[in-house]
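Taking it in order: structure first as structure tokens, then the write-up.
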Amino acid sequence: MSATDQTSFDLVDQPWIPVRMRDGATTELSLAEVFTRAHEVATLSGDLPTQDLALVRLLLAILHRAWDGPEDLDEWERLWRAERLPTEPVVDYLDRYRVRFDLLHPETPFFQVAELRTGKGETSELSKLIADVPNGKPFFTTRLGGELSLTYAEAARWVVHCQSFDPAGIKSGAVGDDRVKGGRGYPIGTGWCGRLGGVLPEGGTLRETLLLNLIPRRADTPSRTHADDLPAWERSPQGPTVRDEPEPSGPVDLYTWQARRIRLVADGGRIRRVLISNGDRLEPQNRHKLEPHSLWRRSKAQEKKLREEPVYMPTPHDPKRAIWRGLEALLPGAITADQRAEAAGRLTAGVLDWVAELTEEGVLGPDFGVRVRTLGMSYGPQDATTEEVTDDALALRSELLRRGAQHLVGVARESVGASERAAHALGTLALNLAQAAGKAPPPKSGMPDATDTGDRDRAIELAYAELDGPFREWLSGLGPDTDPVTAEARWHRTANDIVWRLGQELHERAPEAAWAGRTVNDRLLTAAHAADRFAKTLRKALPQARADEHTAASA
């Protein structure tokens with residue numbers, strides 16, 4: 001460290017958390033400021049979307065410990081009715097643990113190990129810390145050219161993110177870690193959030209977002225009553241070895257789980273290098289009672305392996321699939337009482353169950369707008385590199401999340417299914433037109449249509465892309481005054497108009513050879529035949545749209 005370097009960077013008072021204010025301005029706030037001004041902040045605005053989830057979980061851990069609660073629904077409601085967060089206990093708490101929130105502290109640097117080193121004293125480039133530069137293959141970064149370095153504020157954010165989302169793979173072997181072999185730390189899995197199908201309900205301000213995710217202690221959930229559910233900064237400073245008690249004691253523990261041992265290297269007033277080694281390993285099976293920010297699925301393979309049931313695993317997001325196509329997994333009302341009693345095949349996120357309860361209890365009005373955001377990271381082979389980031393959101397009225405809103409949940413689920421059937425109708429039209437033109441080989445008898453040219457898949461994705469915006473808008477309108485029959489018919493008509501138009505465009509672009517056609521499975525297939533089949537399939541997919549008013553000839 002040079003003589004010009006700071007010897008302290010206090011995260012309590014120094015600005016480092018990026019936010020977007022309600023007036024649209026962007027700035028950075030300290031920990032103390034982000035709580036005292038939470039009602040003025042619209043949302044966090046991290047360097048990467050997954051940073052937002054990691055930072056929110058950090059803030060939640062602080063609130064839970066500073067308030068020692070909330071204890072129950074009544075206490076939560078008092079917090080919700082207030083215009084601002086009661087920050088005096090929060091500021092007092094941060095001051096009490098201030099030394100643990102110093103990024104550069106010589107003995108207890110924030111989320112790091114001060115004496116971390118390898119046998120040869122190596123450190124790594126910051127590409128190991130920044131998730132948008134996977135293994136030297138930048139795809140998000142704007143930091144190209146020259147040596148990569150970070151301000152202290154940037155480094156603090158990436159340290160939080162690294163503990164949550166760091167890829168697996170071989171790490172630097174830390175001196176003192178008895179798991180190291182040949183100077184290497186062999187894979188223990190990604191950071192904890194990297195295993196999750198992250199779900200984050202958001203309100204109109206950061207104050208609302210934090211409270212919507214601040215689940216009270218529950219008498220029926222013992223894991224939330226543990227007095228030892230402590231964040232990393234309330235525990236003894238960690239060395240390179242694993243934690244004495246490797247099992248998480250509650251959600252606060254998970255929010256700050258130290259999956260890595262990290263040491264930042266500062267020089268010239270900036271962070272220049274980093275050392276990242278393995279930290280505390282954490283297996284994902286059956287963590288759903290402690291972890292509220294993920295979707296879950298029942299795993300028969302894990303049940304067989306562990307010889308117990310049920311076993312639930314986190315359900316990562318598919319970055320190529322729009323959030324609304326997996327809508328059923330997000331709606332608490334989609335899981336019936338019978339399913340809950342008989343170990344359902346999937347579970348929604350605990351934070352969405354909480355919003356559902358708030359709506360059921362009348363604390364949130366049925367028209368309250370909730371932005372349900374899905375966040376996650378997908379990785380390459382063996383989870384060793386960062387590959388893609390998922391960041392999607394749906395604007396919903398809280399009524400749709402209520403367990404008793406079966407009528408709305410039913411129409412939402414059916415409309416997703418109808419959209420999928422309509423998209424596949426368009427895909428089949430594209431395939432039939434290609435086959436009629438001789439472009440795609442016909443399927444062999446008894447075999448799937450795996451020999452097409454990709455026309456079908458492209459058409460299906462085109463349909464989904466065109467349906468995306470209108471479906472989100474339609475879904476946001478479902479509320480307590482919605483008539484399900486009318487709403488479903490409205491969506492069928494909207495979807496039919498969109499997919500019918502796309503079908504017309506495909507038909508009009510069909511090559512001349514398709515009009516003459518060719519024999520497929522012993523039957524003549526022409527563009528006219530393809531259009532007729534499309535009209536019938538679309539009518540079946542969207543029966544309430546009265547697609548039969550159209551004629552195949554107009555396709």
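Odds and ends about this structure:
- Sorted by Cβ density within 10 Å, fewest first, the residues 313, 377: 313, 377
- Ordering of 314-324, 503-513 by burial proxy (mean other Cβ atoms within 10 Å per residue, highest first): 314-324, 503-513
- Farthest toward positive dipole pole in the chain [+1 Lys/Arg, -1 Asp/Glu at C-beta], among 433, 164, 97: 433
- The magnitude of the dipole of the stretch 455-555, with charges of +1 and -1 set on the Cβ of Lys/Arg and Asp/Glu and taken from the Cα centre, is near 340 debye.
- Sites residue 6 and residue 40 - FRET efficiency at Förster radius 30 Å, r taken between beta-carbons, to 0.05: 0.60
- Residue list for the stretch 485-503, given a label point 7 angstrom along the Cα-to-Cβ vector of residue 465 and an amide N cut-off under 18 Å: 498-503
- Cross-link pairs beyond the 22 Å C-alpha cut-off, checked among 128/320; 128/305; 120/181: 128/320; 128/305
- Dipole moment magnitude, nearest 20 debye, the chain about Cα centre, only Lys, Arg, Asp, Glu C-beta charged: 1780 debye
- Charge sum, other residues only, whose C-beta stays under 13 Å from residue 477's C-beta, Lys/Arg counted +1 and Asp/Glu -1: -3
- Extension gain from residue 241 to residue 267, taking 0.36 nm per residue of separation minus the Cα-Cα distance: 6.7 nm
- The chain: angle of helix 406-436 to the longest principal axis, Cα-based, in degrees nearest 10: 60 degrees
- Difference of contour (0.36 nm per residue) and Cα-Cα distance, residue 305 to residue 74: 78.9 nm
- Other residues lying with their Cβ under 12 Å from the Cβ of residue 33 contribute a combined charge of -2, Lys and Arg counting +1, Asp and Glu -1.
- Length added when fully stretched, residue 114-residue 519, from 0.36 nm per residue minus Cα-Cα: 138.4 nm
- Fewest-first ordering of 84, 456 by other beta carbons within 10 Å of each residue's beta carbon gives 84, 456.
- Total formal charge among the other residues, if their Cβ is under 14 angstrom from that of residue 21, Lys/Arg +1 and Asp/Glu -1: 0
- The relative contact order of the stretch 407-554 comes to 35 percent, based on Cα pairs under 8 Å that sit 6 or more residues apart.
- Across the options 44, 322, 215, the greatest Cα extent toward the positive end of the charge dipole of the chain (unit charges at beta carbon of Lys, Arg, Asp, Glu) belongs to 322.
- Taking the stretch 148-244 and dividing mean pair separation by its residue count, relative contact order in percent (alpha carbons under 8 Å, at least six apart): 22 percent
- When each of the peptides 356-366, 529-539, 66-76 is scored by how many other beta carbons lie within 10 Å of its residues on average, the order from highest to lowest is 529-539, 356-366, 66-76.
- For the chain, the 222 nm mean residue ellipticity estimated from helices alone, with every DSSP H stretch of n ≥ 4 adding -39500 (n - 2.57) and the total spread over all residues, rounds to -11000 deg cm²/dmol.
- Residue among 186, 389, 80 farthest towards the positive dipole end of the chain, charges placed on Cβ: 186
- Fewest-first sequence of 162, 193 by Cβ atoms within 10 Å of each Cβ: 162, 193
- Each Lys and Arg contributes +1 and each Asp and Glu -1, all at the Cβ; summed about the Cα centre of the stretch 296-401, the dipole is approximately 420 debye.
- Angle between the chain longest axis and helix 350-360 axis [Cα atoms, degrees, rounded to 10]: 70 degrees
- Whole-Å distance, taken between Cα centres, linking the stretch 236-263 and the stretch 38-97: 21 Å
- Sequence-separation-based contact order of the stretch 214-372, relative, with Cα cut under 8 Å and 6+ spacing, percent: 17 percent
- Axis of helix 49-67 versus longest Cα principal axis of the chain: the two differ by about 50°, to the nearest ten degrees.
No lab work stands behind these numbers, since they all come straight from the coordinates. Just so we're clear, the structure is a prediction, and the values are computed from it rather than from any experiment. Neighbour counts are summed over all protein chains in view; Cβ atoms, including those assigned to glycine, are modelled from backbone coordinates with ideal geometry.
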